[in-house]
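Peer 1: Let me give you the structure first, and then I'll get to my questions.
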Amino acid sequence: MPILLTVLSVSLITTTLAVLVVISDRFLNNYGECQLDINDGDRVLTVTGGSSLLSSLALNKIFIPSACGGKATCGLCKVKLASESGPVLPTEEPYLTDEEMAEGIRLSCQLKVKENLTLFIPEELFRVQQFKATVTKITQQTHDIMEYRLSLVDPSEIEFKAGQYMQIDSKPYGSIRESVNRAYSIASLPSDNNGIELIVRLVPGGVCTTYMHEHLKEGDSVTIRGPFGDFYLHDGADELIFIAGGSGLAPIKSMVFDILEKKLDKKMTFFFGAVTKKDLYYVDLFTELAEKHDNFHYVPALSGPEEFDDWQGEVGLVTDVVDRYVQDAANMQGYLCGSPGMINACIKVLVKLGLSEDRIYFDKF
């Protein structure tokens, strides 16, 4: 009992001190106006100090990718600082290599603007836009996966590469009092430039996925930003392996249909892994696609089919299925989208099959 009381006391003191630090920083520290010198003076912004670099840039319509909405759990919002910006925070360290830290790379969601900063931002991010859109269709694909059709209102057109993703803002609901934003891959074709389709799996306790599954309705207005990401078709191979699970199907769908629409000379095999039959979707679509196109092959696999599934297809982890199907991957490219664990396992098996890691592209969601 005394040990428990000691632990509780220490936790209470630590929490109280943290709250006091936040309050004092917010109300006692006035950083005034700060200048952000971007890309050697190409753009110079005057911002009010005290907010994160991520939000300060967003207020000026410069959108840095952030799949977690600025919570320091995705590591995507990296920017390069050329000026002194203080020590790297413990929340940043898991996402930065020693080389990146030496080069001045920081997570913009964790770096608070307290003084003038000089930084570098890739030019393609200046083409990222914020859109107002209307939810025109919601389709239940599985017990925990929904598809959303968003028609663009302002601006009314978008340019993106198949495989890229968008960020969408949630709205307050229930006990959730603030908006958050999360990243979801685009499932539709780039040629369909008046709207986008997103595929979202419900994450238990997920603020944004709960909002989308339980509160977002057809006819609602939403704010989205993008496109982001370098997960798209790269030159250098005529044979491609696509591997996905769950909502990771979204960018693969966009890429496969884009390749077929453009009639690119690419041979494609799409491996989709699920647990049971109820976790599968778009089976008829991809099966029909494979029947119509000689250069596209579709292989769905179940790792734990139930007796009543009456499953006649491949059984096993998707990595095992890939290992059985592919003999030599040395001259191929691999495109992967799914959970971090699935991605890591896929990389391991593809490397074993002869595919070098620099020819494997992926998004971890």
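Peer 1: What residues qualify as long-range amide H neighbours of Arg182, i.e. H under 5 Å apart, gap of 5 or more or another chain, H built at 1.01 Å from N?
Peer 2: Ile168, Ser170
Peer 1: So what is the relative contact order for the stretch 128-228, in percent, with contacts set as C-alpha pairs under 8 Å and at least six apart?
Peer 2: Here the relative contact order equals 39 percent.
Peer 1: In the stretch 239-364, how does Rg compare with the Kirkwood Rh, expressed as the Rg/Rh ratio over alpha carbon atoms?
Peer 2: Over the Cα atoms of the stretch 239-364, Rg/Rh equals 0.94.
Peer 1: If you find the alpha carbon centre of the stretch 80-156 and of the stretch 231-307, how far apart are they in angstrom?
Peer 2: 28 Å
Peer 1: Just list whichever of Lys137/Lys277; Lys114/Lys171; Lys78/Lys171; Lys114/Lys217 have alpha carbons separated by over 31 Å in the model shown.
Peer 2: Lys114/Lys217
Peer 1: Shifting gears a bit: When Ser356, Ser55 are ordered from fewest to most other Cβ atoms inside 10 Å of their Cβ, what list results?
Peer 2: The order, fewest Cβ neighbours first, is Ser356, Ser55.
Peer 1: Cα to Cα, under 21 Å, and not fewer than 8 places away if on the same chain: which lysines meet these conditions relative to Lys262?
Peer 2: Output for Lys262: Lys161, Lys253, Lys292.
Peer 1: Please compute the volume of the convex hull spanned by the alpha-carbon atoms of the stretch 120-251 and report it per residue in Å³.
Peer 2: Convex hull volume per residue, Cα atoms: 132 Å³.
Peer 1: Rounded to the nearest 5, what % of DSSP beta bridges with both residues in the chain are antiparallel?
Peer 2: Expressed as a percentage, antiparallel bridges in the chain total about 60.
Peer 1: Counting pairs of Cα atoms in the chain, how many percent are more than 26 Å apart?
Peer 2: Value for the chain (Cα pairs over 26 Å): 58 percent.
Peer 1: Pick out, from Cys74, Val321, Cys109, the residue whose Cα sits farthest towards the positive end of the charge dipole of the chain, with +1 on the Cβ of Lys and Arg and -1 on the Cβ of Asp and Glu.
Peer 2: So the residue we want is Cys109.
Peer 1: Explain nothing, just compute: Karplus ³J(HN,Hα) = 6.51 cos²θ - 1.76 cosθ + 1.60, θ = phi - 60°, for every residue of the stretch 311-317 in order, whole Hz, x for Gly and Pro.
Peer 2: Calculated HN-Hα couplings, in order: 7, 10, x, 5, 10, x, 4 Hz.
Peer 1: When the dipole is taken about the Cα centre of the stretch 128-228, and only Lys, Arg (+1) and Asp, Glu (-1) are charged at their Cβ, what size is it in debye, to the nearest 20?
Peer 2: Here the stretch 128-228 has a charge dipole of around 180 debye.
Peer 1: Sticking with the crude label model, points 7 Å out along Cα→Cβ, report the distance from His215 to Lys348 in nm, one decimal please.
Peer 2: 3.9 nm
Peer 1: So what are the stretch 70-180's ellipsoid semi-axes, whole angstrom, largest first, if each one is the square root of 5 times an eigenvalue of the alpha-carbon gyration tensor?
Peer 2: They are 33, 18, 15 Å, listed largest first.
Peer 1: Provide Rg and Dmax in Å for the stretch 31-125, with only Cα atoms included in the calculation.
Peer 2: Looking at the stretch 31-125, its Cα Rg and Dmax stand at 12.2, 32 Å.
Peer 1: Still on this structure: What residue among Gly273, Leu285, Ala330 has its Cα farthest toward the positive end of the dipole of the stretch 239-364, where the charges are +1 on Lys, Arg and -1 on Asp, Glu, each on the Cβ?
Peer 2: So the residue furthest toward the plus end is Ala330.
Peer 1: Angle between the Cα long axis of helix 2-27 and the longest principal axis of the chain, 0 to 90 degrees, nearest 10?
Peer 2: Helix 2-27 sits roughly 80 degrees off the main axis of the chain.
Peer 1: Compute the long axis of helix 340-352 from its Cα atoms, compare it with the longest principal axis of the Cα atoms of the chain, and write down the angle in degrees, 0 to 90, nearest 10.
Peer 2: Helix 340-352 sits at roughly 50 degrees to that axis.
Peer 1: Provide Rg over Rh for the stretch 69-127; use the alpha carbon set for both Rg and the Kirkwood Rh (inverse mean inverse pair distance).
Peer 2: Rg/Rh for the stretch 69-127 comes to 0.93.
Peer 1: Still on this structure: Calculate for the chain the 222 nm mean residue ellipticity that helices alone would give, adding -39,500 (n - 2.57) per DSSP H run of length 4 or more and normalising by residue count, nearest 500 deg cm²/dmol.
Peer 2: Computed ellipticity for the chain at 222 nm equals -7500 deg cm²/dmol.
Peer 1: Can you give the net charge of the other residues whose Cβ lies under 14 Å from the Cβ of Ser156, counting K and R as +1 and D and E as -1?
Peer 2: Its environment carries a net charge of -3.
Peer 1: Pull up all non-local amide H partners of Tyr335: gap of 5 or more, or a different chain, and H-to-H distance under 5 Å with H placed in the peptide plane.
Peer 2: Under 5 Å from the amide H of Tyr335: Ile241, Phe242, Ile243, Tyr361.
Bear in mind that the values in this text are calculations on the coordinates, not laboratory data. The structure displayed is predicted, hence computed values, not measured ones. Positions of Cβ are backbone-derived with ideal geometry, glycine not excepted, and every protein chain shown enters the neighbour counts.
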